[in-house]
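Student: This is the structure I want to talk about, given as structure tokens.
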Amino acid sequence: MFSRQHSSMEDDVIPENLILEVLSRLHVKTIIRCKCVCKKWRDLVSDSYFVHLHLSRSREAALMILTTTRPGILKWVELGHEVENPCVRVKWLDLMGCAPVADYYQTLVGSVNGLICSFQFSNEDDQQVVIFNPVLEEHMILPQPRQDLSQLGYGFGVSRGGEYKVIRICARISSTPNLYDEDKIEAVEIEVYTLGTGQWRILGQTPLNLNLKPGPNSGVFVNSHVYWLGDDQIYDFDLNTETFELFPSPPGDNRESEKMLGVLKGRLSRVSWCSLGLEVWVMKEESWSKEITIQEDICHLSGYGFRPVCLFDGLKGASILMASLEGPYELIVHCLTTNTNLHLKIRYYGDPIRTYSPSFVKLSSFGLERVDAMYGRVRKISTSLFLLIHIFLQIVIELIRFC
């Protein structure tokens, strides 16, 4: 009787909107623990309003770096943006049971609102796309796409209307190779999978001659558009209209320089580099703006060769993650603003690196999809006195900041 009255008094003292404001500003781990405090908090955190509120306030907190191709295990490193005092956490995701075959490879396609898209394939041409949310420990396997086309690239994003879509760029190969005994592409076709529909849709052939760069081709998502970089051009897929078009490149393009797309402060960005220096361009409104120019060769740090592999927002400004050209493949975070380096002792396999921000978006909210637990069991969360005190202190801190 006392506990019920006490709970009712708490509900009257602390308004629900204030509880939501505070919870949405906490660290994800603390929010998960808050769900164990009482049923009311659990229901609030599970509500769709809180999911959207938390998304609107979340920050890009980590880089996903694929560090193993071991079957059944997706292992990545969460690298905090603090360049001078980095926080490095190793994460393991158990995907055993959802692999197409015993021995398969996987690559990251992208991450949007806490949902991660991974492409898995094997030497036997078995392939599948998996979407998962590490926070809620759930995943879904998309239906098999057509197997009669060759893979060129993938993309993952969300439209302005809230539809999450996977884009697949395919090539129809001619039965007769060219003069150099190489595969000859007859046509490039586009397939789209909208989460919740249960099937791939064929958009047909694209009028563009998509000359994508060799290697893993995962598009960069920015504001309901997915961009791919070709040898000389940028390709733009509009998730709202589901149309492809050429996107203008920065002016005065040097064809001899290496290039890479990225995202800085929510805007499409491109870094280009050569032995003479490095430039970072950012798309603002409807034109490119040169934000950073470095007139030195940063790709030869300490006498060793490095190449940029990811452009991202660091704690103290734009940063580039660079990988060594020779094994063992070392990673360095170079802050372009402070001109400082951070050496990481992380093994790198050359796969795309993406930013990741955790969320509480439920895969079950997409209706038709089958959603499975990632670990096959429910992990127990301690509700000890020490933990409750920790949660209370976190809430007090956020209340002080909020007020």
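The values are calculated or read from the model by the stated rules, or taken from the named source; none is laboratory data. Not measured: the values here are computed from a predicted model. Heads up, the Cβs are rebuilt from the backbone with ideal geometry, glycines too, and the neighbour counts pull from every protein chain shown.
Student: Examine segment 395-403 for a residue that is outside the structural domain of Phe156 (by TED's automatic domain parsing) and modelled with pLDDT of 75 or more, and state whether such a residue exists. Working first, answer last.
Tutor: So the first thing to find is which residues in segment 395-403 are outside the structural domain of Phe156 (by TED's automatic domain parsing), and the list is 395-403.
Now narrow it down to the ones that are modelled with pLDDT of 75 or more: none.
Within segment 395-403, not a single residue is outside the structural domain of Phe156 (by TED's automatic domain parsing) and modelled with pLDDT of 75 or more.
Student: Another one. Would you say Gly157 is over 18 Å from Thr107 (Cβ atoms) and either modelled with pLDDT of 75 or more or part of a strand (DSSP E or B) (or both)?
Tutor: In short, no.
Student: When residues of segment 30-39 are filtered for being at pLDDT 85 or above and either assigned to a loop (DSSP other than H, G, I, E, B) or not β-branched (Val, Ile, Thr) (or both), how many remain?
Tutor: 0
Student: Another question, if that's okay. Would you be able to tell me the number of residues in segment 177-197 that are surrounded by fewer than 16 Cβ atoms within 10 Å (Cβ to Cβ) and modelled with pLDDT of 90 or more? So that I can check it myself, show each step before the final result.
Tutor: Let us first name the residues in segment 177-197 that are surrounded by fewer than 16 Cβ atoms within 10 Å (Cβ to Cβ), namely 177-184, 186-187, 196.
Pick out the ones that are also modelled with pLDDT of 90 or more and you get 196.
Final tally of qualifying residues: 1.
Student: Can you find even one residue in segment 84-107 that is part of a helix (DSSP H, G or I), outside the structural domain of Leu342 (by TED's automatic domain parsing) and modelled with pLDDT of 70 or more? I'd like the intermediate steps shown before the answer.
Tutor: Just the residues of segment 84-107 that are part of a helix (DSSP H, G or I), to begin with: none.
Taking every residue of segment 84-107 in turn, none turns out to be part of a helix (DSSP H, G or I), outside the structural domain of Leu342 (by TED's automatic domain parsing) and modelled with pLDDT of 70 or more.
Student: Here's a follow-up. Of (1) at pLDDT below 85; (2) small (Gly, Ala, Ser); (3) within 16 Å of the chain's Cα centre (by Cα), Ser174 satisfies all except one. Which?
Tutor: With respect to (1) at pLDDT below 85; (2) small (Gly, Ala, Ser); (3) within 16 Å of the chain's Cα centre (by Cα), Ser174 is out only on (3).
Student: Please find, among Ile332, Ile346, the residue that is among the β-branched types (Val, Ile, Thr), part of a loop (DSSP other than H, G, I, E, B), at pLDDT 70 or above and buried (at least 16 other Cβ atoms within 10 Å of the Cβ).
Tutor: On the way: Ile332 fails: part of a loop (DSSP other than H, G, I, E, B).
Residue meeting the stated conditions: Ile346.
Student: I need every pair where a residue in segment 353-372 that is in contact (Cβ under 8 Å) with a residue 40 or more places away in the chain and assigned to a helix (DSSP H, G or I) has its Cβ under 6 Å from the Cβ of a residue that is among the hydrophobic types (A, V, I, L, M, F, W, C) and buried (at least 17 other Cβ atoms within 10 Å of the Cβ), sequence separation at least 6 or different chains.
Tutor: These pairs meet every condition: Leu363/Met140; Leu363/Val371; Ser364/Val371; Phe366/Leu195.
Student: Also, quick follow-up: Given (1) of a type outside the set (Ser, Thr, Tyr); (2) surrounded by 21 or more Cβ atoms within 10 Å (Cβ to Cβ); (3) modelled with pLDDT under 85, where does Lys316 come up short, assuming only one miss?
Tutor: The one condition Lys316 does not meet is (2).
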